[in-house]
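Trainee: Here it is, the structure in full.
Any read-out appearing in this document is the output of simple, stated calculations on the displayed coordinates, not a laboratory observation. All values reported here derive from a predicted model rather than from experimental measurement. Neighbour counts are summed over all protein chains in view; Cβ atoms, including those assigned to glycine, are modelled from backbone coordinates with ideal geometry.
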Amino acid sequence: MILSGWETVFFWFFSIAAILAGLLTVMARNAVHSALFLISSLVSVGALFILLGAEFIAGVQILVYVGGVMVLFLFVIMLVNVGAEEEGRAPIFNRPAQVAAALIFSLLLVVALLAAINKGYVGLRDRDAAALKQTETTRSEQESKMQTGATGVSRITTQTESVGMSLFTNASLPFEIASLLLLVAIVGSVMLARTLKQEAAADDVDSEVLGQAPPAETGTDNI
Amino acid sequence: MLFLFQTSAISVRDLQLIAPELILTVVACVALVMEVILPYKLSKWTAYFSLTGIGLALISLGAQFVNMGGTFNLRALQSLSAMDGFYGMIRIDGFALVFKAIFLIAAALAIAIAMRFLDIEREQHGEYYALILFATVGMMFLGSGYDLIALYIALELMAVTFYVLVAFTKRQKRSNEAGMKYFLLGAFSSGILIYGMSLLYGVTGSTNLGDIGRGVATITANSPMRPMLLLGMIALAAGLFFKIAAVPFHMWAPDAYEGAPTSVTAFLSTGSKAASFALYARIFFVALAPMQIDWAPLLGIVAAITIVVGNWAAITQENSKRLLAYSSISNAGYLLLGVIANNAYGNIGLVIYLLVYTLMNMGAFGVIISLRRRGIIGDNVDDMTGLAQKAPGMAAMMAVFMLSLGGMPGTGGFIGKWYLLYGLFARADADHKNWYYWLAGWAIINLVVSFFYYLRFIRVMYLGDRVADDQPLTMSPALRTALVAALVGILFVGVYPQPFIVLAQKLFPAQTNSNPVRQPSSIIDESPK
């Protein structure tokens, strides 16, 4: 894809913003700050989706991640007492050797990925040149047929419709399995978060019956 | 609106293809409701209900087998024709049926050995049984999935369920710790896995395994897309190394296995491992089949390291759950040999060894569960001291499980390992490469080492100079049935393996590199309605 004029500015601004905010998410000591940086990173990625012409995904990114998930994150962080880490007493990194090894490996991975994708991108572009051109012409043809929105400038895309179509045809099975996944996540989190009292009330027994499990002896050696 | 007339989104035939999974899902949901309705004392009904559900799923699996042209008269059995469903998302073939049967057996045993155990842990909740069933549903979709999206979601369904199950005895610190460790590393490995999947999708432009296989075949050694493809393959392999606990990605296994409730450990080490190997086989035998020459050395090196590290670390362990964790790591190395071989014998070894491994590990953990009493954890090797005097039957069963894990002739473990190694030799003959022989020799040498720690259990049980304690074992009818079933299965495979070999041969034939052309179906339908 060749960027033109303001698109280039748009791209560089939001991609640098996404990377910086992502870095700050990891590096911020305060958990609330981390979450806020993550929000700005996600918004930047959403802006990049618009540049790609994927308006629906951009909208979902903002609505679901920023609007839903991150607000819940913030609630949890504020409700749960984040102690020592926030005051900056606990060291973030364990041992220099581990940090060095992790850095070396991630550097290797980044270099390899960048090299491979750079090279592969050219190859893919050459291989699929005809198909890409075809897609571009059909797409512009379709776009010219679309209805214009109320502002009279932008056109109403049918992307949402095609996403919905594929969600209920091609991707119907993974879609349903994902619902099972969510059910398991809910059941699991409720089960793990219940206190002894709540558990006893739910099972309608004396809390003696559930009681404290026998103390575990930890006779283990670490390898 | 037009699409309503164009397509019937899901047909009844599609639903028939996932009938066993549907049954299990319904049973699991009902089990969740039963947990709320039933009084605490009747919690075990949920377990029996879940077992019934697994039985029904097995029956419907058998019906599928017959529908696809299989017969239970093994002499007349032909190779089954595969059936695609849900727009190519799943493929029901012999491979899927075999693995689904293994998962169902593992789930049934995991429920049977847990019933009494959860009472002792004072964690008798119906959610346990429901979660086991949900994990099984995830595994079964891993067995039948034929598309990266379906496979990934199914993998996550299984993994998320296991994160919860590992932390199930939540009032014990070590269970919590194990759950957290497993969760963090599991999430990390899923990230690596999806990296690989995305690169593969980027190169081939499809998420369907067959399409990917055809796309990969067109990429030559000098193609500019080749580095991307290699990176994708390596990332996929690394993510799966995590899931099967192969060295150097094995660090989570001993901690998670030790901390988890013993019945969950048993399921984790068998069902989850079998499902990960099903995923391995599907991706590497179908999607990456043209790259066999690239991935075989990678898997070979990892298998060699895994076998030796697992074995040598197991020798020094005092805790029997940790010991079995390292044993399961080394067994993952042996199972990888079957993936490397990628021929008819390797496939037989893979299927039979996974089945037998499920039985013997379930059995071994079942014996450890029977040692559990209030106040005594019973998971140290020393807790078995003098078991032969206290409970000769249990000791004999444990001895058989251990000998089978080591690969003693006459037990199922021997047949499995024999075919795994034989597959490797056959591959070496076919490819004229020497390193296959070296790998097989290395595996055989380490087989001898492994006997050392398996025999330790037997020495402690039979030659112990004292009895650890004279309290009776914790037995329940379900646990006893499960142990006997596992024992019978192992001995049957060991003594009369012919039906299993025929079944494995017919249901899981060696994949040929030619992928039949299928109607393409992209995920996002670009054309306007």
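Trainee: For the protein assembly as shown, just say rounded, prolate or oblate: build the C-alpha gyration tensor, square-root its eigenvalues into a ≥ b ≥ c, call rounded for a/c under 1.5, and beyond that prolate if a/b exceeds b/c, oblate if not.
Mentor: Prolate shape, in that a/c is at least 1.5 and a/b is the bigger ratio.
Trainee: Now for a separate question. For chain B, list the DSSP H helices whose alpha carbon atoms reach 30 Å or more along the long axis and whose average Kyte-Doolittle value is 0.0 or above?
Mentor: B:43-67, B:173-204, B:292-315, B:320-341, B:344-370, B:435-463
Trainee: Is the range A:30-79 rounded, prolate or oblate when judged by the Cα gyration tensor, a ≥ b ≥ c being the square roots of its eigenvalues, rounded requiring a/c under 1.5 and prolate requiring a/b larger than b/c?
Mentor: Taking the square roots of the gyration eigenvalues as a ≥ b ≥ c, the range A:30-79 is oblate.
Trainee: Within the range A:164-194, list the residues whose amide N lies under 16 Å from a label point set 7 Å along Cα→Cβ of B:Met180.
Mentor: Label zone hits: A:192-193.
Trainee: Let me ask you something else. Can you sort A:Asp128, B:Asp383 by how many other beta carbons sit within 10 Å, fewest first?
Mentor: Listing A:Asp128, B:Asp383 from fewest to most nearby Cβ atoms yields A:Asp128, B:Asp383.
Trainee: Oh, and also: For A:Ser189 and A:Ala131, calculate 0.36 nm times their separation in residues minus their Cα-Cα distance, and state this gained length in nm to one decimal.
Mentor: Extra length from A:Ser189 to A:Ala131 when fully extended: 16.2 nm.
Trainee: Beyond 18 Å between alpha-carbons counts as too far, so tell me which of B:Lys100/B:Lys506; B:Lys173/B:Lys243; B:Lys273/B:Lys321; B:Lys273/B:Lys417; B:Lys181/B:Lys243 fall in that bin.
Mentor: In this structure, B:Lys173/B:Lys243 exceed 18 Å between Cα atoms.
Trainee: Turning to a different aspect of this structure: I'm checking a number: the convex hull volume of the Cα atoms of the range B:29-88, normalised per residue, in Å³. What is it?
Mentor: Here the figure is 96 Å³ per residue.
Trainee: Turning to a different aspect of this structure: Taking the Cα centre of chain B as origin, sum charge times position over the Cβ atoms of Lys and Arg (+1) and Asp and Glu (-1), and report the length of that vector in debye to the nearest 20.
Mentor: 560
Trainee: Compute the distance from the alpha-carbon center of the range A:138-182 to that of the range B:17-37, in whole Å.
Mentor: Taking the Cα centre of the range B:17-37 as reference, the centre of the range A:138-182 is 33 Å away.
Trainee: Taking a spot 7 Å from the Cα of B:Phe188 along the direction of its beta carbon, which residues of the range B:253-289 have an amide N less than 17 Å from it?
Mentor: B:253-257
Trainee: Something else about it: Place the peptides B:321-333, A:68-80 in order of packing, highest mean first, counting for every residue the other Cβ atoms within 10 Å and averaging per peptide.
Mentor: Answer by packing, highest mean first, reads B:321-333, A:68-80.
Trainee: In addition: Under the rule of -39500 (n - 2.57) per DSSP H run of 4 or more residues, summed and divided by the residues of chain B, what mean residue ellipticity at 222 nm is obtained, to the nearest 500 deg cm²/dmol?
Mentor: Helices in chain B give a 222 nm mean residue ellipticity of -23500 deg cm²/dmol.
Trainee: What's the exposure ranking of B:Met34, B:Met251, A:Met27, going from fewest to most Cβ atoms within 10 Å?
Mentor: By the 10 Å Cβ count, ascending, the order reads A:Met27, B:Met251, B:Met34.
Trainee: Arranged from highest to lowest average of other beta-carbon atoms within 10 Å per residue, in what order do the peptides B:288-301, A:135-148, B:232-245, B:70-83 appear?
Mentor: B:232-245, B:288-301, B:70-83, A:135-148
Trainee: Multiply the residue gap between A:Leu79 and A:Phe175 by 0.36 nm, knock off their C-alpha separation, and tell me the result in nm, one decimal place.
Mentor: Going from the current span to full extension adds 31.3 nm.
Trainee: Same structure again: Which distance in nm do the two modelled labels at A:Gln142 and B:Asp469 give, with both placed 7 Å along the Cα-to-Cβ direction?
Mentor: Between A:Gln142 and B:Asp469, the simple spin-label model gives 7.0 nm.
Trainee: Whose amide H sits under 5 Å from the amide H of B:Asp147, counting only residues 5 or more places off or on another chain, with H placed in the peptide plane?
Mentor: For B:Asp147, the qualifying residues are B:Leu209.
Trainee: Regarding chain B, what is the average projected area of its C-alpha convex hull, in nm²?
Mentor: 24.9
Trainee: When the C-alpha atoms of the range A:95-146 are aligned to their principal axes, what extent does each axis show, in angstrom, from largest down?
Mentor: Here the Cα extents, ordered largest to smallest, are 61, 26, 8 Å.
Trainee: Something else: Using the Cβ atoms and a cut-off under 14 Å, what net charge is assigned to the surroundings of B:Ala395, where Lys and Arg are +1 and Asp and Glu are -1?
Mentor: Once positives and negatives cancel, what remains is +2.
Trainee: Return the sequence-ordered ³J(HN,Hα) values of the range A:72-77 in whole Hz as given by the Karplus equation 6.51 cos²θ - 1.76 cosθ + 1.60 applied to θ = phi - 60°, using x for Gly and Pro.
Mentor: Per residue, the Karplus-derived 3J(HN,Hα) values read 4, 3, 4, 4, 4, 4 Hz.
Trainee: Which whole number gives the average, over all residues in B:150-156, of C-beta atoms from other chains lying within 10 Å of the residue C-beta?
Mentor: Across the residues of B:150-156, the mean count of other-chain Cβ atoms within 10 Å is 4.
Trainee: For the range B:161-241, what's the radius of gyration and Dmax over Cα atoms, in angstrom?
Mentor: 17.6, 57
Trainee: Using Cβ counts within 10 Å as a stand-in for footprinting exposure, how do B:Met398, B:Met461 rank, fewest first?
Mentor: Placing the least packed residue first, the sequence is B:Met461, B:Met398.
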